[in-house]
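All remarks here apply to the structure that follows.
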Amino acid sequence: MNVSIVIPAYNAAETITETLASVQAQTMPNWEAIVVNDGSSDETEAIANQFAAKDSRIRIISQPNQGVSAARNTGISLANFDWLSFLDADDWLSPQHLKRMTTVLAADSSLDAVHCGMRQVDLDGNTFLDKYVPELTNLFPVFARRCPLLMHACVFRKALADSVGGFDISLSTSEDWDFWQRITRTGARFGAVKEILAFYRMRPNSLSRDGNSTFANATRVLAQGYSPDPRVPNPHPSHAEGEPKEALARLRLEKSSWHAGLLIGSGKDARHLLKLLVNDRAPNLWPSIIAHRIFRSVLVFTCQLPAAWEKLWPSVESPIKDFLVALEAQSLAVGLARRASTILERMVLQHSQVREPLTIGTTYALRLEVTEPISDICPTVGAERLHCIVEMEGTELGRLELPICDGLVASWVIKDAIAAQFAGQILGRFFEHTVYREEHRSRGALEQGSKSNAQSNEQIDWTVFLQQIWERPDWPSERFYNPEAVEEAIALKRIESGWLIVEISEELPDVEVAVPQLDVVLTVGGVAIGSVSIPVEQNFVSAQALRVALTRASELELCRACVREGLLGRPLGESISLRSRLSEAAMAQAQSPEWFASTRPAVISTELLSPNTVVLGRRRGAMGTSASRRAILPGAVSRELVEMAQVLGEPVMQIPPHGTLPERVIYAPELIERPSERPTSSSRQSASVRTRFHGRAFFETWFSTQPDPWKYTSPYEQTKYEQTLSLLPSTQIGKALELACAEGHFTVQLAPRVESLIAADISQIALDRADERCRDLQNISFQHLDMTKDPLPGHFDLIVCSEVLYYLKDLEELKVIASKIANALEPGGYLLMANAHLLVDEPDKTGFDWGNPFGGKVIGETFASIPTLRLVKEIWAPLYRVQLFQRHPWQHHTPDIVKLTEQPAPLSPKQQSGVRWHGGQPPRRGKPQTVVTQRLPILMYHRVAPTGSATMNRYRVTPEAFEEQLRYLQDAGFYSVAWEDWQSAMAVRRPLPGRAVAITFDDGYLDFFHYALPLLKQYGFTATVFLVTEHVGSSNTWDAAYGEEIPLLGWSEIRQLQNEGVEFGSHSVSHSPLTALSVAEIVQEAARSRSILERQLGVSVQTFAYPYGDFDPVVQHLIGACGYTFGLSCRSGLSQFQDELLALPRIEVRGSDSFQEFVTKLSFKSNS
């Protein structure tokens, strides 16, 4: 394969030597170089001739100066080979360039071109930017809107250049973009080499740095990509008309920001560029794109690296602001100027060393060393954000951003944020100085995760942490999680109430208390980090049971708190243990200010307390979520914040209690109310409830992946059914409820024996199959029901509940469910159940080794212990027992028990494999899962409606398309997952069973009620709808620029939807982009919205969807401080374990998506 290289050269004497030398250095020798001297007045021609004299592959052609396009056209006309490439006389190639490129072409004869990676360098050879072209065979949609390819980063067929007429000599700039746009319009197929092989030297005097001249040419080429191009006689049919014109206005405005940067970098005003786009509007203009383009192009003019921005800022800040304000007015993009400015400030600081504190725009930046005392920071007037470069012993750990409230960032907020982000690295370094040095071994940084997700060496590091913090240096990891481990000589503590405070640096006691549940507050260095509820058995809780419960509940938050209270602000090399440091801190915390002594009891750091402060106490939420993060909030919104807390029943403390106007508001997660002080009237569920493995996720997956999973029609199961029905009384039975009806095999046999029957199950898939099986029976209704969460649907003469209760998480939950079932029986009503014998109940007897927490024996004993129930009849077989209970019997007598010594029906080989006929301990093994979710698709919809304005089509999915999507989700075995379930999976990095999905709708359009809900119900899915609370019952005024007014849900419809199982979250009060607001305004949007939603709905609201997907670290911090656990962004992708809960990505489902595109977006195979 031979390649012709065309090299246009004009006054390139300083650089052409390096250019030609790079061509001669090619490891592939089959090339020719055509140097077109375009009327140079320096030594360019002479230097080129010297090369040509020594290398016959180099030819020199001279012509009068006509411009680079004419020079390239001359070279094309003289090229001898079928493959062509270009190389400017001040750029160069890697020695492997041609070899790598032609190897790809030779391997695939269908390719018309191949491109490689490119590197831009400054005059000193420093890297400015590495670039790659998207790896697509069809690149016209890319080149229609931009030019990502340098001329010498491509080898292509010469016939393509001939077919499109070469370069347009009327273009002094953007001629390369125009050329590649026409090439790709033909449908040419491109290959790729993922390697930097082409190098581009930035030049201060380049024509492409003149913002005025380049903008006109660029907009001309851009417009050409969105219309037919008569210069291309052979366009691919799909490209003949160009790309859809709807995006053209937005792309022109985006393009203006690049050229504005060129002008601003040269000291000029750029606003006049927008006069060329006077009719363009783009409400969806992305500020991140604008900021990135300005950031790069300002530097291009002077060929400087990003580090130069710190010095450039004072001279360019004003013209950048002027341009952004004008661009916002022109585009109608809400808040664009401020949003883009904030992003630009962050980019400048990310490339700055910040050797001294400095202010960039509204951002104040400094360095912090974690081993030195950390004080309050009072930034310059007008600063709204703090940018911290965090160092440890002189080495940068990373950066964090925090809001500045009332001119202050408190040290306790800074330390909490540092610990939350860098605890693992800091603790690891501390262990290197202390534990590992003493033990003569070297460890890496502590894995930022819990025992549950650590691997090999990292697990040992977590073990070392637990050994140190609990002062048990010889314990293996497993013992810290074993509640049955025995210790000797433990002190006994007798308490009257069920409220206990324990300090991590003190020995835990055995506890004697006469209450059913003990609420334990864990303090670290004297500061509370959360509370844990522990069941009390026989008036006793062991110290080891306390340790296990506290370790499991606190997980990584325990590590963070230990770093915050014991390590930050002092040298890490001090020869004092972590536990001793925390003991010292706890003693210091014991000294409370006098004015605090009269406040109600709470465990709170004295560091947080100061007069004239409102303290918001800990809200509901698991340790380690936003509920654990400290925050300072603007005093100006104290009224809204206090009102929010009061509506939600969360603790509020004012210091002093009454009188003066508060100067500040803080959120202190260590302020924990006693259970007796918590409101009891709310029906809200705690967000900290952990996921049950055998919850809906398990059963939906089980039924979706396995038809007839329990072999209902086998002789073994059918015999059990017959025995179960044989225990029914001969009298007429009125209302009956079958819990866990599964696929209806028993239901169809039970229905003729009762007047009416409700068949309920946690799995919608199972219910649908049961409904189909029982379609000819008129006395059955079906109901989706999770008995652990939902109330039972009335009172019944008969309840059947077989072979499901051993999937509950523990004995305490079994007791709760047993009481719920007993209370749902009418007086004289019957409870009928069949349950298997498990080894866990009686290891010395025959049973199944399923690994559940209990079996039929314990289940039967639990129901028998309920005073209102008595056992009437029982059939006992070696592998199961069938029992009939009755409520409120009129007389007591001995139950009728039939004991079978032989198993009455044969078992299948699979059933046999789980039986241990002679007892024994079940083998330890994991539960088999063929499909799991390690990456969660969170789908983002806006509307489901049949019609609407073309300008809003992106946000409108038709009911037909939505139904097709839901049908696919159902057929593929997806199920709706709760936010708390995904949170728990993320916390321990344990995949969810089956294929989970979360479905969300932004804005709360009324058409959700009419079109989306019926389809969601039909296919067994739930959704979360994010409401703009100030606009409930109104319309989408924030989209006025699109020209379509769409009605929104009112509170009446919202409550009806809530009754149907739809969850609601916040989409702010006014749908404003939050990074465009002040700190106080952000807090108002979040707090007011949460108050309104919880007051109207009566449930806890934990989710927040950022309007326009607009958020950053400061917004994220404030949203968390206002009580939200989950933040939903518009960042595209599947949610993964390492995601932050307040920055979850989503997958936008657009109205234009084909079914295939929808399936591709899900990428569910990656979860298997």
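Kindly establish whether residue 464 is aliphatic (A, V, I, L, M), in contact (Cβ under 8 Å) with a residue 24 or more places away in the chain, crowded, with 19+ Cβ neighbours inside 10 Å and more than 17 Å from residue 536 (Cα to Cα). Taking the combined requirement at face value, the residue satisfies it.
Entry remark, region 262-302: residues being at pLDDT 95 or above, assigned to a helix (DSSP H, G or I) and small (Gly, Ala, Ser) number 2 in total.
Looking only at residues in region 469-495 that are of a type in the set (D, E, K, R), touching a helix residue (DSSP H, G or I) at 6+ places or on another chain (Cβ under 9 Å) and part of a loop (DSSP other than H, G, I, E, B), the one that is farthest from residue 579 (Cα to Cα) is 484.
The residue that is surrounded by the most Cβ atoms within 10 Å (Cβ to Cβ), among those in region 823-851 that are in contact with a His (Cβ under 9 Å, 6 or more places away or on another chain) and among the small types (Gly, Ala, Ser), is 847.
Remark: pairs (first residue in region 957-978, on the phi > 0 side of the Ramachandran plot and touching a residue at least 60 places away in the same chain (Cβ under 8 Å); second residue surrounded by 23 or more Cβ atoms within 10 Å (Cβ to Cβ) and not in a loop (DSSP other than H, G, I, E, B); Cβ separation under 9 Å; 6+ apart in sequence or on different chains) = 973/700; 973/701; 973/703; 973/995.
Listed by first and then second residue, the pairs linking a residue in region 779-801 that is of a type in the set (Gly, Ala, Ser) to a residue that is surrounded by 14 or more Cβ atoms within 10 Å (Cβ to Cβ), with Cβ atoms under 6 Å apart and 6 or more places separating them unless they lie on different chains, are 781/758.
In the set 834, 766, only one residue is at pLDDT 90 or above and not in a loop (DSSP other than H, G, I, E, B); that residue is 834.
Restricting attention to region 344-380, and to residues there that are in contact with a Ser or Thr (Cβ under 9 Å, 6 or more places away or on another chain) and in contact (Cβ under 8 Å) with a residue 60 or more places away in the chain, which single residue is surrounded by the most Cβ atoms within 10 Å (Cβ to Cβ)? It would help to see each step written out before you state the result.
The first filter runs over region 344-380 and keeps only residues in contact with a Ser or Thr (Cβ under 9 Å, 6 or more places away or on another chain), leaving 345-346, 348-349, 357-365, 373-377, 379-380.
Applying the additional criterion that residues be in contact (Cβ under 8 Å) with a residue 60 or more places away in the chain yields 346, 373-374.
Numbers: 346: 21, 373: 9, 374: 17.
If we take residues in region 344-380 being in contact with a Ser or Thr (Cβ under 9 Å, 6 or more places away or on another chain) and in contact (Cβ under 8 Å) with a residue 60 or more places away in the chain, then 346 is surrounded by the most Cβ atoms within 10 Å (Cβ to Cβ).
Of all residues in region 128-142, those satisfying the criterion of being among the hydrophobic types (A, V, I, L, M, F, W, C) and surrounded by fewer than 23 Cβ atoms within 10 Å (Cβ to Cβ) are 128, 129, 133, 136, 142. Filtering region 1125-1163 to residues that are among the aromatic types (Phe, Trp, Tyr), farther than 15 Å from residue 982 by Cβ and buried (at least 16 other Cβ atoms within 10 Å of the Cβ) leaves only 1158. Looking across region 153-196 at every residue that is polar (S, T, N, Q) and within 40 Å of the chain's Cα centre (by Cα), the one that is surrounded by the fewest Cβ atoms within 10 Å (Cβ to Cβ) is identified as 174. Evaluated against (1) in a loop (DSSP other than H, G, I, E, B); (2) over 32 Å from the mean Cα position of the chain (by Cα); (3) at pLDDT below 90, residue 571 falls short on exactly one condition, (3). Reported count of residues in region 548-579, each being in contact with a Ser or Thr (Cβ under 7 Å, 6 or more places away or on another chain), farther than 30 Å from residue 535 by Cα and crowded, with 24+ Cβ neighbours inside 10 Å, is 0. Taken over region 936-970, the criterion of being more than 22 Å from residue 1067 (Cα to Cα), at pLDDT 95 or above and either assigned to a strand (DSSP E or B) or of a type in the set (D, E, K, R) (or both) is satisfied by 960, 963.
Are any residues in region 1054-1080 of a type outside the set (Val, Ile, Thr), on the phi < 0 side of the Ramachandran plot and part of a loop (DSSP other than H, G, I, E, B), and if so, which ones? Steps first, please.
To start, the set of residues in region 1054-1080 that are of a type outside the set (Val, Ile, Thr) comprises 1055-1061, 1063-1068, 1070-1074, 1076-1078, 1080.
With the extra rule that they be on the phi < 0 side of the Ramachandran plot, the set shrinks to 1055-1060, 1063-1067, 1070, 1072-1074, 1076-1078, 1080.
Answer for region 1054-1080, where residues must be of a type outside the set (Val, Ile, Thr), on the phi < 0 side of the Ramachandran plot and part of a loop (DSSP other than H, G, I, E, B): 1060, 1067, 1070, 1072, 1073, 1077, 1078.
Here is a yes/no grid of residues against (1) over 30 Å from residue 279 (Cα atoms); (2) modelled with pLDDT of 95 or more:
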residue: 320; (1), (2): no, yes
residue: 325; (1), (2): no, yes
residue: 339; (1), (2): no, yes
residue: 353; (1), (2): yes, no
residue: 362; (1), (2): yes, yes
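All of 759, 742 fail the test of being assigned by TED's automatic domain parsing to the domain that holds residue 899, in contact with a Phe, Trp or Tyr (Cβ under 6 Å, 6 or more places away or on another chain) and of a type in the set (Gly, Ala, Ser), apart from 759. Residue 249 meets each of the listed conditions (1) surrounded by 15 or more Cβ atoms within 10 Å (Cβ to Cβ); (2) not in a helix (DSSP H, G or I) apart from (2). Residues in region 23-59 that are under 52 Å from the mean Cα position of the chain (by Cα) and either surrounded by fewer than 19 Cβ atoms within 10 Å (Cβ to Cβ) or at pLDDT below 95 (or both): 24, 25, 27, 28, 29, 30. Which residue pairs have Cβ atoms under 6 Å apart, sit 6 or more places apart or on different chains, and have a first residue in region 807-820 that is not assigned by TED's automatic domain parsing to the domain that holds residue 867 and a second that is at pLDDT below 90 and assigned to a helix (DSSP H, G or I)? Listed pairs, sorted by first residue: none to list.
For region 1035-1053, residues that are aliphatic (A, V, I, L, M) and either touching a Lys or Arg at 6+ places or on another chain (Cβ under 8 Å) or part of a loop (DSSP other than H, G, I, E, B) (or both) total 3. Applying the criterion of being part of a loop (DSSP other than H, G, I, E, B) and at pLDDT 85 or above to the residues of region 640-655, the residue that is farthest from residue 668 (Cα to Cα) is 650. Annotation: residue 906 fulfils all but one of (1) in a loop (DSSP other than H, G, I, E, B); (2) surrounded by 19 or more Cβ atoms within 10 Å (Cβ to Cβ); the unmet one is (2).
When residues in region 496-547 are screened for being more than 23 Å from residue 589 (Cβ to Cβ), touching a helix residue (DSSP H, G or I) at 6+ places or on another chain (Cβ under 6 Å) and in contact (Cβ under 8 Å) with a residue 60 or more places away in the chain, 1 of them pass.
Here residue 331 does not qualify as surrounded by 20 or more Cβ atoms within 10 Å (Cβ to Cβ), of a type outside the set (Lys, Arg) and at pLDDT below 95.
The values are calculated or read from the model by the stated rules, or taken from the named source; none is laboratory data. This one's a predicted model, so the numbers in the text were calculated from it and none came from an experiment. Cβ sites come from the backbone with ideal geometry, for glycine too, and all protein chains shown count toward neighbours.
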